[in-house]
Amino acid sequence: MPADIHIDGPTHDLIRRLSGGAERLTFPMARSVPFDPPAEYAALRSHCPVAPANLHGRDAWLITTYDDVREAMLSDALSADSSRPDYPLSPSGKANAALAGSGLPSFLRMDPPVHDDLRRLVTRDFMVKRVEAMRPRIQQVVDDLIDDMLAGPRPADLFEAIASPMPNTVISWLLGIPQSDHAFFQDRTTYLFRRNVSDEERSVKLGELNDYIYDLVDSRDADPDLDPEADIVSRLVHEELRTGRLDRRAVQGIVFILLVAGHETTGNMTALGTLALLQHPDQYKALGEDPSLAPLAVEELLRYLTILNEPNWRVAKEDTVIGGRRIKAGEAVMPLTFSANRDEGHYDNPDTLDIRRGARDHLAFGYGIHQCLGQPLARVELQIVYSTLARRIPTLRLAVPLEDVPFKTDVDIYGVHALPVTW
Ligand code: HEM
């Protein structure tokens, strides 16, 4: 959700010069299409790494260096709990929450101990061993999608043909959602992250998604022959809901976060990462010739692209110090992971894509207790899709000039609306 923000004091003057005289900056700041962070981030890192800002009339801080972002994301003094009265929801965020009414509780926006208790219920489903066992099945999905694309007309939209259906299919297996519902939840979840839709429109879509999840949980609960091992929803209903350990809304909330967190992110990363590789043909070729480069390539692409530019806002529960700056209780804090991932103090030539770099310490999955639960799954999906494309379609190339690619500058998770390719 766009939150209007402007930079105060000396930093404002600095930023004003950098941004060609703009009197007021909005936050999120515009990325430098196609692959780079907003130009202001580098200036803030070197001149004012913990930058005072104004968020809807209240004090806020932008955190920009690698070390400070990690410090903020580890800090017990900062809360991610969006139910706190002082949580920095934008006015449109508040309006939207009120309109949607039935917004489900999500552990992404909770603090310990409840966060930890809920997250633990699904940790096992995303452990490396469990996810590695899915590799052959995911490989088959990717191969089938590539076969279909190759059999169809050229140019093709790689986003529609491969990037979007691949993670949808995988999360649907895990949750036990029929293939026929993909289009429905793909449409609804995309609205959650769009910036330029009205509160009413987003609220309607969110309400429909919530209804879908209520029905999913209710239908499992109504099934007398429920197999708890069939999928995550069935297990949660059997072990948590029916035993009374969790109420219905808590179960629905877990299903909601798993459904929305996994496919929009992985789909965008698939398409944007492929585009970045196509813009670096030597690296695309190297990956096709040596699939053992895939794990390194995935980490570097995650770092370089950081599609989830801003994680959730945090709010200071008490007075604290981050990056040497005093932050008062009630002030909002934004750890800018994209800025951290391009910090020249941490990475050599951070603005260069180098799939051999070995950047596994990047912060594209966040850091600390909210660090992405699904990262082992995302890693395997991305390793398979990039390396299979590079091996099977070495002649893959963009079918339009780069400037004609429709980048998602209007969505909180960056990517492309479509990726026209040919071969
Ligand atoms: C390339 C793909 C992905 C990226 C870039 C990504 C990024 C992130 C980030 C940055 C966070 C932390 C947000 C914060 O601290 O405010 C996060 C949390 C989370 N992600 Fe992912 N994610 C990806 C894929 C997935 C997948 C496949 C799933 C599986 C369902 C998933 C499930 C989650 C969940 C449940 C959380 C909340 C964790 C918590 O609060 O404890 N993500 N993700």
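The values are calculated or read from the model by the stated rules, or taken from the named source; none is laboratory data. Here the structure is a predicted model, which means the values were calculated and not measured. Cβ atoms come from the backbone with ideal geometry, glycine included; neighbour counts cover every protein chain shown.
A few remarks follow.
- Verdict on residue 378 being among the aliphatic types (A, V, I, L, M), in contact with a helix residue (DSSP H, G or I) (Cβ under 8 Å, 6 or more places away or on another chain) and within 11 Å of the ligand (Cβ to nearest atom): yes
- The conditions of being surrounded by fewer than 19 Cβ atoms within 10 Å (Cβ to Cβ), more than 14 Å from the ligand (Cβ to nearest atom) and under 25 Å from residue 372 (Cβ atoms) are not met by residue 242.
- The test for being surrounded by 13 or more Cβ atoms within 10 Å (Cβ to Cβ), more than 27 Å from residue 370 (Cα to Cα), among the polar types (S, T, N, Q) and out of contact with any Leu (no Cβ under 7 Å at 6 or more places or on another chain) does not hold for residue 179.
- Output for the stretch 354-378, where each listed residue is on the phi < 0 side of the Ramachandran plot and at pLDDT below 95: 359, 360
- The listed residue being surrounded by fewer than 18 Cβ atoms within 10 Å (Cβ to Cβ) and either in contact with an Asp or Glu (Cβ under 6 Å, 6 or more places away or on another chain) or within 30 Å of residue 111 (Cα to Cα) (or both), out of 355, 369: 369
- The single condition among (1) part of a loop (DSSP other than H, G, I, E, B); (2) at pLDDT 60 or above; (3) farther than 22 Å from residue 311 by Cα that residue 21 does not meet is (2).
- Residue in the stretch 182-191 that is in a helix (DSSP H, G or I) and over 25 Å from residue 377 (Cβ atoms) present: no
- Filtering 189, 123 for residues that are of a type in the set (Val, Ile, Thr), touching a residue at least 40 places away in the same chain (Cβ under 8 Å) and surrounded by fewer than 18 Cβ atoms within 10 Å (Cβ to Cβ) leaves a single hit, 123.
- Single match in 204, 217 (criterion: more than 16 Å from the ligand (Cβ to nearest atom), free of Cβ contacts under 8 Å to residues at least 24 places away in the same chain, outside any loop (DSSP other than H, G, I, E, B) and more than 30 Å from residue 304 (Cα to Cα)): 204
Conditions (1) out of contact with any Leu (no Cβ under 8 Å at 6 or more places or on another chain); (2) within 8 Å of the ligand (Cβ to nearest atom), marked per residue:
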position	(1), (2)
310	no, no
316	no, no
332	no, no
341	no, no
350	yes, no
353	no, no
364	no, yes
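- The one condition in (1) surrounded by fewer than 19 Cβ atoms within 10 Å (Cβ to Cβ); (2) in contact with a strand residue (DSSP E or B) (Cβ under 9 Å, 6 or more places away or on another chain); (3) modelled with pLDDT of 95 or more that residue 271 fails to fulfil: (1)
Okay, residues lined up against (1) touching a Phe, Trp or Tyr at 6+ places or on another chain (Cβ under 7 Å); (2) farther than 15 Å from residue 117 by Cα:
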residue: 213; (1), (2): yes, yes
residue: 220; (1), (2): no, yes
residue: 229; (1), (2): no, yes
residue: 237; (1), (2): no, yes
residue: 247; (1), (2): no, no
residue: 250; (1), (2): no, no
residue: 253; (1), (2): no, no
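- Residue within the stretch 400-413 that is within 11 Å of the ligand (Cβ to nearest atom), in contact with a helix residue (DSSP H, G or I) (Cβ under 6 Å, 6 or more places away or on another chain) and not in a strand (DSSP E or B) present: no
- Residue match in the stretch 53-69 (condition: of a type in the set (Phe, Trp, Tyr), over 30 Å from residue 271 (Cα atoms) and at pLDDT 80 or above): yes
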